[in-house]
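Peer 1: Provided herewith is a single structure, encoded as structure tokens, for subsequent inquiry.
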Amino acid sequence: MAIGVKALHISFVAHFLGVVGAILVLIWCISFRGGLAWEATNKNLIFNLHPVLMLIGLIIIGGEAIMSYKCLPLKKPEKKLIHLVLHATALILGIIGIYMAFKFHNESNIANLYSLHSWLGIGVIVLYGIQWIYGFLVFFFPGGTTAIRSESLPWHVLFGIFVYILAVGTATLGYLEKLTFLESSGLAKYGSEAFLVNFTAIVTILFGTFVILTILSQPPPEDEYSYSAI
């Protein structure tokens, strides 16, 4: 299935939303939550790296990796390398982001892995890693046979979309969880920070939506190597 709109045009909207999302999460964590830190006596500064790295890394860069294979008017080897490197970057930032959440919990004497958000987060990063490793081995190096690559591609695309949608949903759940904790601690429910967090979540969902729409749209005419119709 493909919609009658050029992938490149839809991707422009996604790029814009990605920039907006990155700016919003940085404003939230730096201006409202006090900043970012790897080590600090105020452990909340350590946690602040978690939403920043997860959104900019796993969601935004991961989304750009997905769109790169559909939008860029390049040859297959070039697009494959860009796709691979962007996903690797997203995966690394995602792993660090999850580590920062564990670091915050451990140094603050807070239990780990008790919420649905944390369970889904671990699942997402594991599935993302499996997807990347499989893609690397089958489509990059050492590479599978032509038959294996041909049979694997539709499933690789479908599984990648599933993991990405799950990542966006998990991120949205994380915003809700953090905002609920903050409001329980006295944050104004109709204050500027609460609205900022909700708008960041909405932008995250919209970005993910336009990533999926890009996949379902028309590739450049000269592009013979994009995703096949789903």
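Peer 1: Taking DSSP loops as anything outside H, G, I, E and B, show the longest stretch in the chain free of trypsin sites (Lys or Arg not before Pro) there with at most 15 other beta carbons within 10 Å.
Peer 2: The reported range is 76-188.
Peer 1: Throw me the Rg/Rh for the stretch 8-61, computed over C-alpha atoms with Kirkwood Rh, two decimals.
Peer 2: Working: Rg = 13.1 Å, Rh = 11.8 Å.
Taking Rg over the Kirkwood Rh, I get 1.10.
Peer 1: Fully extended, how many nm does the chain gain between residue 40 and residue 88 (0.36 nm per residue separation, minus their Cα-Cα distance)?
Peer 2: That works out to 14.4 nm of additional length.
Peer 1: Taking every eigenvalue of the Cα gyration tensor of the stretch 127-230, multiplying by 5 and rooting it, what semi-axes result, largest first, whole Å?
Peer 2: Ellipsoid half-lengths, sorted descending, are 38, 17, 8 Å.
Peer 1: Per residue, what volume in Å³ does the convex hull of the Cα atoms of the stretch 68-163 enclose?
Peer 2: It comes to 105 Å³ per residue, whole-number rounded.
Peer 1: Another question, if that's okay. Quick one: with all protein chains in place, what share of the accessible area of the chain is carbon or sulfur, to the nearest percent (1.4 Å probe)?
Peer 2: 74
Peer 1: Then there's this: Keeping every protein chain present and rolling a 1.4 Å probe, give me the accessible area per residue for the stretch 41-189 in Å². Could you put the intermediate results ahead of the total?
Peer 2: Numbers: 7370 Å² over 149 residues.
In whole numbers, the stretch 41-189 has 49 Å² accessible per residue.
Peer 1: Hey, another quick one. Could you let me know the centre-to-centre spacing of the stretch 1-45 and the stretch 98-154, using Cα atoms, in angstrom?
Peer 2: What the calculation gives is 20 Å, centre to centre.
Peer 1: Given a Förster distance of 30 Å, report the FRET efficiency between residue 12 and residue 187 from their Cβ-Cβ distance, rounded to the nearest 0.05.
Peer 2: Efficiency for this residue pair is about 0.30.
Peer 1: Also: Heavy atoms only, probe 1.4 angstrom, no DNA, RNA or ligands counted: give me 100, 54 ranked by accessible area, highest first. Mind showing how you got there, number by number?
Peer 2: On the way: 100 0, 54 35 Å².
Largest to smallest exposure gives the sequence 54, 100.
Peer 1: Now a separate question. What three numbers, in Å, describe the spread of the alpha carbons of the chain along their principal axes, ordered from the longest?
Peer 2: Extents along the principal axes, in whole Å: 56, 34, 25.
Peer 1: How high is the relative contact order of the chain, in percent, counting Cα pairs under 8 Å that sit 6 or more residues apart? List each step's numbers first, then the result.
Peer 2: On the way: 276 pairs, mean separation 85.2, N = 230.
Normalised by residue count, the contact order of the chain is 37 percent.
Peer 1: Oh, and also: Could you tell me whether the stretch 154-215 comes out rounded, prolate or oblate from its Cα gyration tensor? Rule is a ≥ b ≥ c as square roots of the eigenvalues, rounded for a/c under 1.5, then prolate if a/b exceeds b/c, otherwise oblate. It would help to have the intermediate numbers written out before the result.
Peer 2: Details: a/c = 7.60, a/b = 2.45, b/c = 3.09.
Since a/c reaches 1.5 but b/c is at least a/b, the shape of the stretch 154-215 is classed as oblate.
Peer 1: Follow-up question, since we're still on this one. Calculate for the chain the 222 nm mean residue ellipticity that helices alone would give, adding -39,500 (n - 2.57) per DSSP H run of length 4 or more and normalising by residue count, nearest 500 deg cm²/dmol.
Peer 2: Numbers: 8 runs with 155 residues, N = 230.
Rounded to the nearest 500, the figure is -23000 deg cm²/dmol.
Peer 1: Here is a further query. Show which lysines lie in cross-link reach of residue 6 when reach means a straight Cα distance below 23 angstrom and same-chain residues fewer than eight apart are skipped.
Peer 2: Straight-line reach from residue 6, under 23 Å: 70, 75, 76, 79, 80.
Peer 1: Turning to a different aspect of this structure: Based on Cα positions only, what radius of gyration and what Dmax would you give for the stretch 1-102, in angstroms?
Peer 2: 16.2, 54
Peer 1: Evaluate the charge dipole of the stretch 103-230 about its Cα centre and quote only its size in Debye, nearest 20, assuming +1 on the Cβ of each Lys and Arg and -1 on the Cβ of each Asp and Glu.
Peer 2: 280
Peer 1: Determine the dipole magnitude for the chain: charges of +1 sit on the beta-carbon of Lys and Arg, -1 on that of Asp and Glu, nothing else is charged, the reference point is the Cα centre, and the result goes in debye to the nearest 20.
Peer 2: So the dipole magnitude of the chain works out to roughly 80 debye.
Peer 1: Shifting gears a bit: How much accessible surface area, in Å² rounded to 10, belongs to the heavy atoms of residue 11 with a 1.4 Å probe?
Peer 2: Looks like 0 Å² after rounding.
Peer 1: Separate question: As I understand it, the value is the acute angle between the Cα axis of helix 116-135 and the longest principal axis of the Cα atoms of the chain; what does it come to in degrees, rounded to 10?
Peer 2: With both axes taken from Cα atoms, the answer is about 30 degrees.
The values are calculated or read from the model by the stated rules, or taken from the named source; none is laboratory data. Note that the coordinates shown come from a computational prediction; the quantities given were computed from them, not determined experimentally. So basically every Cβ, Gly included, is an ideal-geometry build from the backbone, and we count neighbours across all protein chains shown. Only protein heavy atoms, including side chains, enter the accessible area calculation; ligands, DNA and RNA are left aside. Shrake-Rupley method; radii C 1.70, N 1.55, O 1.52, S 1.80 Å.
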